Every structure is written in C-alpha cells, then in structure tokens.
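Working notes, structure below.
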Amino acid sequence: MAWIAESDGLVNPGDLTADLGYRSQSAVQAPLRDLVDAGLLVRLPSDAGRTYYQRIDSSAWRFALELVASLQSSARAD
C-alpha cells in the first residue's frame, strides 16, 4: 500500500511488480483485486495492452504511510 500511496495515483501492475522486486505480476494481482474490492483503487480500461489502476482518495493511504514511517522509526531506535 505504501508504494501506491507514494505514487502519482496511477498504478500499473508491471511497474509495481518490478519496483517491489517480484518476478511475476501474479504476486500483486490478488492484493490489487483486494484494494479494488475495498474501494481504494479502481481499474481503468486497458490502454494498448497495459492495465492501470487509479488510487481513490482515502485516509487509508495516509495511514499506510504513517505506519511505514512508524515502523522505520522503531527499527532505527532498536
């Protein structure tokens, strides 16, 4: 969620897969579907064979960033 929260709001599964270091898009397909089901992303019509999702404004994205920052702060303190 943090990657999506920090993005420009337009998410391509291939870009997400590569940036997170996964070998195949199958690693992100179910989480993306879950975020669509939760109303946090909307799938856009495919463009030239590429799929995109649009982030929907929600406090959940801010919470995800705050959680990551808190975990990073705790890790540095240890």
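The values are calculated or read from the model by the stated rules, or taken from the named source; none is laboratory data. What you see is a predicted model, and the numbers here were worked out from it, not measured in a lab. Because the Cβ atoms are built from the backbone with ideal geometry, glycine has one as well, and the counts that use them run over all protein chains shown.
Checking each residue in region 5-14 for being touching a Phe, Trp or Tyr at 6+ places or on another chain (Cβ under 7 Å) and either over 21 Å from ASP57 (Cβ atoms) or surrounded by 14 or more Cβ atoms within 10 Å (Cβ to Cβ) (or both) picks out ALA5, VAL11, ASN12. Which of the following residues is closer than 23 Å to LEU67 by Cβ, touching a Ser or Thr at 6+ places or on another chain (Cβ under 6 Å) and hydrophobic (A, V, I, L, M, F, W, C): VAL28, VAL36? That would be VAL28, the only listed residue that is closer than 23 Å to LEU67 by Cβ, touching a Ser or Thr at 6+ places or on another chain (Cβ under 6 Å) and hydrophobic (A, V, I, L, M, F, W, C). Please work out which residue is farthest from LEU10 (Cα to Cα), limiting yourself to region 26-78 and to residues that are part of a helix (DSSP H, G or I) and at pLDDT below 90. Across region 26-78, the extreme among qualifying residues is ALA77.
Residues that are of a type in the set (Gly, Ala, Ser) and surrounded by 12 or more Cβ atoms within 10 Å (Cβ to Cβ) within region 15-56 comprise ALA18, ALA27, listed in sequence order. How about region 40-62: which of its residues are of a type outside the set (A, V, I, L, M) and touching a helix residue (DSSP H, G or I) at 6+ places or on another chain (Cβ under 9 Å)? Correct list: ARG43, ARG50, THR51, TYR52, TYR53, ARG55, TRP61, ARG62.
For region 39-66, the set of residues classified as within 13 Å of MET1 (Cβ to Cβ) and in contact (Cβ under 8 Å) with a residue 12 or more places away in the chain consists of LEU40, LEU41, TYR53, ARG55, ILE56, SER58, ALA60, TRP61, ARG62, ALA64, LEU65, listed by residue number. Would you pick out the residues in region 1-19 that are farther than 10 Å from LEU32 by Cα, over 8 Å from the mean Cα position of the chain (by Cα) and either part of a helix (DSSP H, G or I) or β-branched (Val, Ile, Thr) (or both)? The answer is GLU6, GLY14, ASP15, THR17, ALA18, ASP19.
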